Amino acid sequence: MQNKNCNVLIVGFGPTGAVLANLLSKYNLSIHVLEKESKVYNLPRAVHFDDEIMRIFKSIGIYEKLIKKTIINKGTKFVDENDNLILDWPRPRQITDNGFYPSYRFHQPDLEKILRKNLALNNNLKIYYNTELIELENKGKVVKAKCINKSTNTSQTIYADYVVGCDGANSFVKKIIGQETIDFGFQEKWAVLDLIMKKNKKNLPDRTIQYCSQNTPTTYCRNVGRRRRWEISLNKNFTEKDILNENKIWNFLSKWVTQNDAIIERKTIYNFKSLIAKKWRKGRIFIAGDAAHLSPPFMGQGMCSGLRDVSNLFWKLAHCCYFGHKEKILETYESERLENVKEYIITTINMGKLLNSIGDPNVSNTVKENQDGSRVMTSIKPPLGPGLGSKSDKLRGHVFPFINLQKSKIQNFDEQFDKELILLSKQELNCTDIKHINVNKYKELLKTFNNLNIKALILRPDRFILSSLENNSDINEFINKSILQMS
């Protein structure tokens, strides 16, 4: 039998891979990471995350450092060519059920540096920079991975319990699992221009504006500090050649800024796609993030979806590392995540159609029409797809709210179930197979229970509800059925 080198091998050390490494670091597991670059790429890419993602960041201990590097996003407005409002998607400065503001702007290099620094004290973590994966194969109870260091041209083989490919849209790991995808049909080339203002310009919008047009659809983003972004649909009015011509770029941007106002930090072309891999797993090999799905950027949910992937997967992998391989648990990763990310992609496509002035303003079922005819959207929060828990349980697969317990040593209640399942009930129980808390001891928990009209809940480490018990049901049977799913 082959000796293993680590419990989990992560391929790719961008936000998805780095968050997975941080989540797994809650356990005493051996983690190896392969990263083909030598350091953090120091230019903008992802610029947005939401309250659900900030809750993940809080759970891995980087909130205090990261919040200083963010701004609160005020929302998005879709306007026509005459700047008339078509659809408003406000992000009110109010704390959500996840315990944070609905929307944040950030600079990706800041996040990546914070994530990596947070791992510095983990002695069970080994990172291979300048290293590329060249072979990958399931070998019974382990995965065999062969990699090569591009600096020294030396190769080595690593054996792991599990491998997770967080290696982006051109994923090597995905090639091993299978290349077939579900294509939702939206594919467009866009130029992305990142600018740094020389000084603050007060007449620029302080939120995202989607300029809807059949001629040249354009997105403007107010980012952190003096950073601003414009995304421009490439067509006969603005071509790939134009992106190479700075005079044409400044001519296009003249509606908003001039060369006296800003410098161009980055310009690139993206081929926006709408794809989901048909297979997210092969044996003990998994994919997550852009390796598993690609979405246009109009909702700012690309990176967010990848972090939801690894938040779903980390505790399942840890459970299998500690208690043995559990096929029933691992097969729920794809089924639970696919339906969730699919809803985000479809909503994003609807926004893209509206942006191209060929779509309906009713981009989701959360759009409401006011008496004056204006339309306002609230954020979608799709539940998990089918997996652990019963389909008949109305609360299963929904997020449990973030709760701060006042006058308690616990305070941040999330910390009570960030590594393992936890049972909450309205009565004292003698439980040996699962951690238990009597909600009657904490008024904030009891209030939540009363609002939900339930007798008991089992929560997962990713903050989703595994199962709930109504007041007239048998609690012992409920506990046994729920725990049986993890065996």
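The values are calculated or read from the model by the stated rules, or taken from the named source; none is laboratory data. Since this is a predicted model, take the numbers as computed values, not measurements. Positions of Cβ are generated from backbone atoms using ideal geometry, with glycine treated the same way; all protein chains shown enter the neighbour counts.
Table: residues versus (1) surrounded by 21 or more Cβ atoms within 10 Å (Cβ to Cβ); (2) in contact (Cβ under 8 Å) with a residue 24 or more places away in the chain; (3) of a type outside the set (Phe, Trp, Tyr).
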position	(1), (2), (3)
428	no, no, yes
438	no, no, yes
457	yes, yes, yes
478	no, no, no
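Condition check ((1) touching a Phe, Trp or Tyr at 6+ places or on another chain (Cβ under 8 Å); (2) closer than 18 Å to residue 187 by Cα; (3) exposed (fewer than 14 other Cβ atoms within 10 Å of the Cβ); (4) among the hydrophobic types (A, V, I, L, M, F, W, C)) across all residues:
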residue: 236; (1), (2), (3), (4): no, yes, yes, no
residue: 245; (1), (2), (3), (4): no, no, yes, no
residue: 255; (1), (2), (3), (4): no, no, yes, no
residue: 265; (1), (2), (3), (4): no, no, no, no
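For residues that are outside any strand (DSSP E or B), of a type in the set (Asp, Glu) and modelled with pLDDT of 95 or more, tally how many sit in region 236-285.
Count: 1.
Going residue by residue through region 417-435, is there one that turns out to be outside any helix (DSSP H, G or I) and within 30 Å of residue 219 (Cβ to Cβ)?
no
For region 89-101, which positions are crowded, with 18+ Cβ neighbours inside 10 Å and outside any loop (DSSP other than H, G, I, E, B)?
Across region 89-101, the qualifying residue is only 89.
Could you say whether any residue in region 130-138 is in a loop (DSSP other than H, G, I, E, B) and more than 24 Å from residue 293 (Cα to Cα)?
Yes, that holds for at least one residue.
Assess whether residue 307 counts as being within 16 Å of residue 49 (Cβ to Cβ), in contact with a helix residue (DSSP H, G or I) (Cβ under 9 Å, 6 or more places away or on another chain) and either assigned by TED's automatic domain parsing to the domain that holds residue 327 or not in a strand (DSSP E or B) (or both).
yes
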